[in-house]
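The values are calculated or read from the model by the stated rules, or taken from the named source; none is laboratory data. Remember, it's a predicted structure, so these values are computed and weren't measured experimentally. Virtual Cβ from ideal backbone geometry, glycine too; neighbours counted across all protein chains shown. SASA here: full protein model, heavy atoms, side chains in, ligands and nucleic acids out. Shrake-Rupley method; radii C 1.70, N 1.55, O 1.52, S 1.80 Å.
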Amino acid sequence: MVKSTIENEGAFVVNIFIQKVLRDAEININVKGIEMVEVGGLRKYTHVLLFQAFDLKMRMTAYWNIVLRRLIDIMGLHLQLSVANLVNKGLEMEIMNELPGPNHGGGIERVLEEPPSMAVKCQKLIKSIKKLKESKEVVCKIMDDRFTYADYLV
């Protein structure tokens, strides 16, 4: 049902295009998805050839839109991969440089150590999360009590 509706709409659009090419005096026609098309030179072709050309152009336009979207996706994925490789190689080199250090690898522990300021922030966040969970429980209890009270009123 849906496929036949789409095919009917497509055939309708093709027929309008062919009618405009063959009957109108206009040189340019605005086609949805393509913009302005110069049709002055198309008048010498048959109805069947115009139908095939229109169908091919629409298919190529749809395919090209997919290709463009895929290129954009590939660029983002390539950038992400490049950054990940750069970080991994840089981190690997940093670790390799720290291994033969004066403390026989003490540099790695220093790199992986949590600074005191981060520890304080982490504790604050843990406390905030605990408070939020307690607040959520209190709000849920209040809402339950409120709806229970409202049930008695009805």
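Here are a few things to note about the model shown:
Conditions tested, residue by residue: (1) closer than 30 Å to L22 by Cβ; (2) in a helix (DSSP H, G or I); (3) modelled with pLDDT under 80.
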position: M58; (1), (2), (3): yes, yes, no
position: D73; (1), (2), (3): no, yes, no
position: G76; (1), (2), (3): no, yes, no
position: G101; (1), (2), (3): no, no, yes
position: V111; (1), (2), (3): no, yes, yes
position: Q123; (1), (2), (3): no, yes, no
position: K130; (1), (2), (3): no, yes, no
position: E137; (1), (2), (3): no, yes, no
position: I142; (1), (2), (3): no, yes, no
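- In the range 13-30, residue modelled with the lowest pLDDT [restricted to those that are within 33 Å of the chain's Cα centre (by Cα) and assigned to a helix (DSSP H, G or I)]: V13
- Counted residues, the range 60-98 - those being among the acidic types (D, E) and open to solvent by 100 Å² or more (accessible area, probe 1.4 Å): 1
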